[in-house]
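Trainee: Sending over a structure as structure tokens; questions will come in a sec.
The values are calculated or read from the model by the stated rules, or taken from the named source; none is laboratory data. Treat the numbers as computed from the prediction; the structure is a model and nothing was measured. Cβ placement follows ideal geometry from the backbone for every residue including glycine, while neighbour counts extend to all protein chains displayed.
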Amino acid sequence: MKQIAEHRRIDFDTFHNELLPAGQPLVVRSIVKDWPAVKQCAASPEAACAYLSRLAIGKPVRTLAAPPEAEGRFFYNDTLTGVNFKQGQFPLREVLKELQSMADVVTSHSIAVQALSIRDELPDFEKQNPNDLLDDDIAPSMWISNRGKVAPHFDEDKNLACVVTGRREFVLFPPEQLANLYIGPMLTTPGGMPISLVDPWNPDLEKFPRFTDALATAQTTTLEPGDAIFIPSLWWHGVRSLESFNVLVNYWWDGRSDYGVSSYDSLLHAMFSIAGLDEAQRRAWRDYFDHFVFQTGDDPAAHLPDSVEDIVTSLNPGQARKARMILSQRLIWDE
């Protein structure tokens, strides 16, 4: 696996005008090293827990716990019909206290708080630790855990992830490697998005032989506190937390259409309605998608007057609301 390209000391304009348009992952070393959070959490897990506990306002947060035999891998159960962990709602301070008590335990269960809304639970964190690479309206999320693995998955959004404490190893695969990643069941996925069945740090190549081709395209890095990684939309990424206490802050943006319809939901809908058709019908629908959605040929609206507002051109806000209403009605049926 090759190392992800690295940068230092980039500013807002360079990030958005030069680096993001390339659509490639990148690492920015020490970009948030001056955050108070990074400095105050550097001393020890106890110091990190104390800092976060002072900021927490006490709301219950979604918490995952996997048994020691899971070896830190939050994943499916053995039959792929559910997951291998339990989840519940607990005050963040209690979760932090539990993680702190486990810091020196080698074979312990794994605990993770994933995608915690910082603005809801730690409202002062963002004021103390601003991100100069992104617009202020992009909300941050926090990930807290002991040692563990998150299976390769993709995000609809662009993703900038910053390490506060601990170390995190990332393995990335481009979207075109989808067929070589052996995707698990999509209705019982552990985190809401599809995941790969292959453990990239211990792959079973007899069971998953095409993963060799994916590995040939993989990019990797290990982030230290203060470092950040940019993950382009739809790139697959697996993450491994390497220390007894780890905190990461990430930002998602630009993932949904202007009309608030999830692209991933559209994919599920298309799979549900089209994948089971016969070959001739699927081939015909491919032509429709190529023309209207992917626009691989001429502009499908080129023959229409500029004054026409329609889903094939562009919608005004009222029409967008009407289109969402029509879609929601079409997705409701009697059993």
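Trainee: With respect to VAL113, is the statement that it is buried (at least 18 other Cβ atoms within 10 Å of the Cβ), in contact with a helix residue (DSSP H, G or I) (Cβ under 7 Å, 6 or more places away or on another chain), closer than 22 Å to ASN246 by Cα and aliphatic (A, V, I, L, M) true? Don't jump to the end; show me each part of the working.
Mentor: On the way: buried (at least 18 other Cβ atoms within 10 Å of the Cβ): yes; in contact with a helix residue (DSSP H, G or I) (Cβ under 7 Å, 6 or more places away or on another chain): yes; closer than 22 Å to ASN246 by Cα: yes; aliphatic (A, V, I, L, M): yes.
So VAL113 fits the description; yes.
Trainee: Sort out which residues of the range 261-280 are out of contact with any Phe, Trp or Tyr (no Cβ under 8 Å at 6 or more places or on another chain), surrounded by 12 or more Cβ atoms within 10 Å (Cβ to Cβ) and either of a type in the set (Ser, Thr, Tyr) or modelled with pLDDT of 95 or more (or both), and write them in order of number.
Mentor: Passing the criteria: SER262, SER263, TYR264, SER266.
Trainee: So, one more: In the range 35-59, how many are outside any loop (DSSP other than H, G, I, E, B) and touching a Gly at 6+ places or on another chain (Cβ under 8 Å)? Don't jump to the end; show me each part of the working.
Mentor: Initially, the range 35-59 is screened for residues outside any loop (DSSP other than H, G, I, E, B), giving 36-41, 45-55.
Remaining after also requiring touching a Gly at 6+ places or on another chain (Cβ under 8 Å): 38.
Adding up the residues that qualify gives 1.
Trainee: Inspect all residues belonging to the range 137-147 and state whether any of them is touching a residue at least 40 places away in the same chain (Cβ under 8 Å), surrounded by fewer than 18 Cβ atoms within 10 Å (Cβ to Cβ), of a type outside the set (S, T, N, Q) and more than 21 Å from PHE245 (Cα to Cα).
Mentor: Yes - at least one qualifying residue is present in the range 137-147.
Trainee: Related question: Taking the conditions exactly as written (under 23 Å from MET142 (Cβ atoms), out of contact with any helix residue (DSSP H, G or I) (no Cβ under 9 Å at 6 or more places or on another chain) and either of a type in the set (A, V, I, L, M) or surrounded by 15 or more Cβ atoms within 10 Å (Cβ to Cβ) (or both)), does GLY238 satisfy them or not?
Mentor: Details: under 23 Å from MET142 (Cβ atoms): yes; out of contact with any helix residue (DSSP H, G or I) (no Cβ under 9 Å at 6 or more places or on another chain): yes; either of a type in the set (A, V, I, L, M) or surrounded by 15 or more Cβ atoms within 10 Å (Cβ to Cβ) (or both): yes.
Taking the combined requirement at face value, the residue satisfies it.
Trainee: Scanning the range 204-220 for residues that are surrounded by fewer than 17 Cβ atoms within 10 Å (Cβ to Cβ) and in a loop (DSSP other than H, G, I, E, B), which turns out farthest from the chain's Cα centre (by Cα)?
Mentor: Taking the candidates together, the pick is GLU206.
Trainee: Could you list, ordered by first residue, the pairs with Cβ atoms under 6 Å in which the first is in the range 220-242 and over 21 Å from VAL198 (Cβ atoms) and the second is part of a loop (DSSP other than H, G, I, E, B) and of a type in the set (A, V, I, L, M, F, W, C), at least 6 apart or interchain?
Mentor: GLY226/VAL32; ALA228/ILE31
Trainee: Modelled with pLDDT under 95 and either farther than 22 Å from SER196 by Cα or of a type in the set (Gly, Ala, Ser) (or both): does that describe ARG29? Talk me through it step by step, then tell me what you get.
Mentor: On the way: modelled with pLDDT under 95: no; either farther than 22 Å from SER196 by Cα or of a type in the set (Gly, Ala, Ser) (or both): yes.
No, not satisfied.
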